[in-house]
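Asks: Structure provided below as structure tokens; questions to follow.
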Ligand SMILES: *Cc1c(COP(=O)(O)O)cnc(C)c1O
């Protein structure tokens, strides 16, 4: 079976990098735990020397992810954060990174508390519009970094427009595609140069493995990132690669169901007397609705709900809701088959100063739902009973 670019998404997800084992015929290839590979003659081998630089199980996962994102090369990492670090490690002192301010907290922290110390200059914009990127970019900018949709307000940024702005000064656009997944949008096909994933989320999909990936479509970037993957060494274990690759086989049907369930949750909760608003990219009330419709084939599995009332009242209602929910688990992270709820102000966004957090709309009455793939009737009944107690 060859890597067939004509295949549909699910066919690629199931077959690329999962060719039956040549030796045994095993339909699911074995996990290659070996750290080293025996050579026939010094320098003469079957393509693998040492598992940090290359491992067949990891390579299968990498080929699959590259194909799903429309890239030519993928490098896998031990976490999404390690993948992110490998992209920034390509920079030199004095280089600027222009990023949307409300990126994943760990990415913000890495830029401010690690890479800034090495002389990289992070610049942040609070505005999702492409023109705000155009206003802040200059010829020292080497990487433009964004997420779309963002967390937890699910703002969408115009990947194609921002790619053009980045390229106008010779910068690369990196898109953290963790929330949308390649099922809903493929940034490399609309101008982005790097796609980064926390495969911990939808790609792994079962909340049982931590991983990351960088995918590119340009040979020079592939070579640079492959060098950094090997030189920095933040690679995933073969077993973790197997787990992620197993998850990917159902990525399309999972993300489709996540999106259907999330939209059904939005419709069910619309107009609820205890809720101020419901945030979902494919709802007409969303500020980026038109772009989200154009850029994403469905709205994804994440929904945020805002409780009514002042700070204290909305926070009390949100906390009571989180304590009362039963089918959903109260936990950080997202993208697994099981539904989760999270209170960003107290949990994931607690380290951001209150004024900054609130200016970005992450207020005390906000609750984020990662809508899973359980039966929708059970999810709706659970939301109803928890809302009744809130
Ligand atoms: C979780 C997450 C990360 C970090 O990934 P880890 O696997 O936890 O290191 C980066 N970006 C986004 C959007 C995430 O949700």
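Rule-based calculations on the coordinates, nothing more; no lab input. The model shown is predicted, which means the values in this text are computed figures rather than measured ones. Neighbour counts run over all protein chains shown; Cβ positions are idealised from the backbone, glycine included.
Asks: Pop a pseudo-label 7 angstrom from the Cα along the beta-carbon direction at both residue 92 and residue 6 and give the gap in nm to one decimal.
Replies: 4.5
Asks: For 7, 73, 145, what's the fewest-to-most ordering of other Cβ within 10 Å of each Cβ? Show your work: numbers first, answer last.
Replies: On the way: 7 15, 73 19, 145 26.
Exposure proxy ranking, most exposed first: 7, 73, 145.
Asks: Give me the number: length gained by fully extending residue 189 to residue 347, i.e. 0.36 nm times residue separation minus the C-alpha to C-alpha distance, one decimal in nm. The partial results should precede the final answer.
Replies: Working: separation 158, 0.36 × 158 = 56.88 nm, distance 3.46 nm.
Gain on stretching residue 189 to residue 347: 53.4 nm.
Asks: Now, a different point. Roughly how many Å is it from the Cα centre of the stretch 39-98 to that of the stretch 137-153, as a whole number?
Replies: 22
Asks: Let me ask another. Using DSSP, restrict attention to beta bridges with both residues in the stretch 132-216 and report what percent are antiparallel, rounded to the nearest 5.
Replies: 40
Asks: Treating the angle as unsigned and between 0 and 90°, give the value, to the nearest 10°, between the Cα long axis of helix 376-389 and the longest Cα principal axis of the chain.
Replies: The angle comes out near 40 degrees.
Asks: Quick check on the stretch 288-328: what are the equivalent-ellipsoid semi-axes from the Cα gyration tensor, as sqrt(5λ), descending, whole Å?
Replies: Numbers: eigenvalues 169, 47, 4 Å².
Working from the Cα gyration tensor, I get semi-axes of 29, 15, 4 Å.
Asks: Another question about this same structure. Below 8 Å between Cα atoms, with a sequence gap of 6+, how large is the relative contact order for the chain in percent?
Replies: Numbers: 784 pairs, mean separation 61.6, N = 390.
Contact order relative to length: 16 percent.
Asks: Restricting everything to alpha-carbon atoms, can you work out Rg to Rh for the chain with a Kirkwood hydrodynamic radius?
Replies: Numbers: Rg = 21.3 Å, Rh = 21.7 Å.
On the Cα set of the chain, Rg over Rh gives 0.98.
Asks: Taking the chain as the reference, fit the longest principal axis to its C-alpha atoms, fit the long axis of helix 159-168 to the helix C-alpha atoms, and give the angle between the two in degrees, 0 to 90, nearest 10.
Replies: Here the helix axis deviates by roughly 60 degrees.
Asks: So in the stretch 251-389, what percent of DSSP beta bridges are antiparallel if you round to the nearest 5? Numbers along the way, then the final one.
Replies: Numbers: 12 of 14 bridges.
If we restrict to bridges inside the stretch 251-389, about 85 percent are antiparallel.
Asks: Write down the percent of antiparallel bridges among all DSSP beta bridges whose residues are both part of the chain, to the nearest 5. It would help to have the intermediate numbers written out before the result.
Replies: Working: 24 of 43 bridges.
The antiparallel fraction comes to roughly 55 percent.
Asks: Between residue 313 and residue 384, what FRET efficiency follows from the Cβ-Cβ distance if R0 is 30 Å, with the result rounded to 0.05?
Replies: Values: r = 20 Å, r/R0 = 0.68.
Result of the calculation: an efficiency of 0.90.
Asks: On C-alpha positions alone, give me the angle between the axis of helix 311-324 and the longest principal axis of the chain, in degrees, nearest 10.
Replies: 60
Asks: Taking square-rooted eigenvalues a ≥ b ≥ c of the alpha carbon gyration tensor, is the stretch 90-228 rounded, prolate or oblate, where a/c under 1.5 means rounded and, failing that, a/b exceeding b/c means prolate?
Replies: Numbers: a/c = 1.34, a/b = 1.25, b/c = 1.08.
Note, shape of the stretch 90-228 comes out rounded.
Asks: Here's something else I'd like to know. Springs between alpha-carbon atoms under 10 Å, Gaussian network over the chain: tell me which of 48, 100, 280 tops the mean-square fluctuations.
Replies: 48
Asks: A further question follows. Can you compute the modelled spin-label distance between residue 72 and residue 52, with each label point 7 Å from Cα toward Cβ, in nm?
Replies: Result for the modelled spin labels: 2.8 nm.
Asks: What is the stretch 155-274 by shape, rounded, prolate or oblate, if you read a ≥ b ≥ c off the alpha carbon gyration tensor as root eigenvalues and call it rounded for a/c under 1.5, prolate for a/b larger than b/c, and oblate otherwise?
Replies: Values: a/c = 2.69, a/b = 1.29, b/c = 2.08.
Since a/c reaches 1.5 but b/c is at least a/b, the shape of the stretch 155-274 is classed as oblate.
Asks: Among 178, 363, 11, rank each residue by its count of other Cβ atoms within 10 Å, from fewest to most, as a rough exposure measure. List each step's numbers first, then the result.
Replies: On the way: 178 25, 363 19, 11 12.
Result, fewest neighbours first: 11, 363, 178.
Asks: For residue 139 and residue 24, calculate 0.36 nm times their separation in residues minus their Cα-Cα distance, and state this gained length in nm to one decimal. Don't skip to the answer; put the middle values down first.
Replies: Working: separation 115, 0.36 × 115 = 41.40 nm, distance 5.45 nm.
Going from the current span to full extension adds 36.0 nm.
Asks: Once you have the Kirkwood Rh of the stretch 251-389 from its Cα pairs, apply Stokes-Einstein at 20 °C and 1.002 mPa s and quote D in µm²/s. If you can, show how the numbers build up before the last one.
Replies: Numbers: Rh = 15.2 Å.
Translational diffusion coefficient: 141 µm²/s.
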